[in-house]
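Just below is one structure, and these are the notes that go with it.
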Amino acid sequence: MNRDVKIYVAGHRGMVGSAIVRRLKAGGYTNIVTRSHAELDLVNQAAVAEFMKAERPDYIFMAAARVGGIHANNVYRAEFLYQNLMIETNVVNAAWQAGVERMLFLGSSCIYPRDCPQPIREEYLLTGPLEPTNEPYAIAKIAGVKLCESYNRQYGTRYVSGMPTNLYGPNDNYDLDSSHVMPALIRKVHEAKVRGDRQLVVWGSGRPMREFLYVDDMADACVFLMESDVSEGLINVGTGEDITIRELAETIMRVVGFKGEIVYDQTKPDGTPRKLMSVDRLAALGWRATTSLSDGITQAYADFVSWSLLPRAIESLD
């Protein structure tokens, strides 16, 4: 990409979008277009079409989505399906109509079958049933992948789909009702330490295995894919390594300095038993993650502490 190209980052206030903006600015890109939800509702088809026609960006990083953890995905199933379908269809179609040839659409590792072979390769898409707790979100993201694929074939666009593993880092969501496992555990461990608790309650059995990617590494991979001129296809983005939820909780406890014991609430769901991404395709292009899990959690915890000091008290500590 030339440094003066116009780049639209959809979802720039979210964890991934804000990291992409940081990475673009660090790389010398200056013509970055953003809109907040108040300024542009991506669910509104007419508004998206008008925006795209007026701005006509050269590149789009599609990081906007309705996201959440197991609880939010399982409870707000209709919203997760409807809103994500609307957001991606509006943006992709309006981009094509405005002549935007290059886009990176971001999905999620949950698009793959619940029990597919490990590590998960891109060709495993649509080879088996999905994890029931996040099926609506996964279906929406699969539709986005196929939408990009179809526009490429029919109209000659160059829309690439990047599938990140579990992400964490600055600007994460720490709301316990809607957050993913990493930020939820960071908050729970911190609060347990502040209260002087002797135990930490963790959902499920602690046995499921998950892979975690620091969000600034994810942003670097996104820019790498666009700069490498990859023009189509589905590409996994991850570290290629995973740990159990138990090991994750223990690592966060060490970083935070909480010395209690873990108690598992097995009335709560585990979700998919294992989700390890094969990153061979991305590695063959020349990119690998560089942030270790311990370093990433240390930086994420510092971000949480800053968040918790803002003038919105943590409810459980009031």
- Message: Eigenvalues of the Cα gyration tensor times 5, then square-rooted: what semi-axes does that give for the chain, in whole angstrom, largest first?
- Response: 33, 21, 19
- Residues other than residue 9 with Cβ under 14 Å of its Cβ, Lys/Arg counted +1 and Asp/Glu -1, net out at +4
- Message: How far apart, in nanometres, would the label points at residue 224 and residue 78 be if each is projected 7 angstrom from Cα along the Cα-to-Cβ direction?
- Response: 4.2
- Query: Taking amide hydrogens as modeled 1.01 Å from N in the peptide plane, which residues meet the under 5 Å criterion relative to residue 179, leaving out close sequence neighbours?
  - Reply: 69
- Task: Please identify which residues in the range 196-214 have an amide N closer than 16 Å to a label point set 7 Å out from the Cα of residue 244, following the Cα→Cβ vector.
- Result: 202-211
- Note on the structure: In the range 1-145, taking the dipole from +1 charges on Lys and Arg beta carbons and -1 charges on Asp and Glu beta carbons about the Cα centre, the listed residue (69, 2, 36) farthest towards the positive end is 2
- Note on the structure: Taking a ≥ b ≥ c as the square roots of the eigenvalues of the Cα gyration tensor, with a/c under 1.5 meaning rounded and otherwise prolate when a/b exceeds b/c and oblate if not, the range 1-61 is oblate
- Query: Considering only protein heavy atoms and a 1.4 Å probe, what is the carbon-and-sulfur percentage of the accessible area of the range 214-318?
  - Reply: 48
- Cα-based reach from residue 259 at 22 Å (exclusive), listing lysines while leaving out same-chain residues under 8 positions away: 188, 193
- Query: Given a 1.4 Å probe and every protein chain left where it sits, what share in percent of the accessible area of the range 1-75 is carbon and sulfur?
  - Reply: 45
- Provide the per-residue ³J(HN,Hα) series for the range 165-173, in order, calculated from phi with Karplus coefficients 6.51, -1.76, 1.60 and θ = phi - 60°, each as a whole number of Hz, with x at glycine and proline positions. 6, 5, 9, 7, x, x, 6, 6, 9
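Taking the Cα centre of the chain as the origin, how large is its charge dipole in debye, to the nearest 20, when only Lys and Arg (+1) and Asp and Glu (-1) carry charge on their Cβ atoms?
Value, rounded to 20: 120 debye.
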- Roll a 1.4 Å probe over the protein heavy atoms and report the accessible area of residue 265 in Å², nearest 10. 40
- Sort the following peptides by mean Cβ neighbour count (other Cβ atoms within 10 Å, averaged over residues), highest first: 239-246, 5-12. 5-12, 239-246
- Might you tell me the accessible area per residue for the range 198-300, computed with a 1.4 Å probe and given in Å²? 45
- Note on the structure: Those helices of the chain passing the 20 Å axial Cα length cut-off and the mean Kyte-Doolittle cut-off of -0.5 (DSSP H runs only) are 77-97, 135-155, 181-195, 293-308
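If each DSSP helix of 4+ residues adds -39,500 (n - 2.57) and the sum is divided by the residues in the chain, what number results at 222 nm, nearest 500 deg cm²/dmol? Before the final figure, lay out each step's value.
Numbers: 10 runs with 133 residues, N = 318.
Value at 222 nm, helices only, nearest 500: -13500 deg cm²/dmol.
The values are calculated or read from the model by the stated rules, or taken from the named source; none is laboratory data. Keep in mind that what you see is a predicted model, and the values were worked out from it rather than measured. We place every Cβ from the backbone using ideal geometry, glycine too, and count neighbours over all the protein chains shown. For the accessible areas, the whole protein counts, side chains as well, though only heavy atoms, and no ligand, DNA or RNA atoms are used. Shrake-Rupley method; radii C 1.70, N 1.55, O 1.52, S 1.80 Å.
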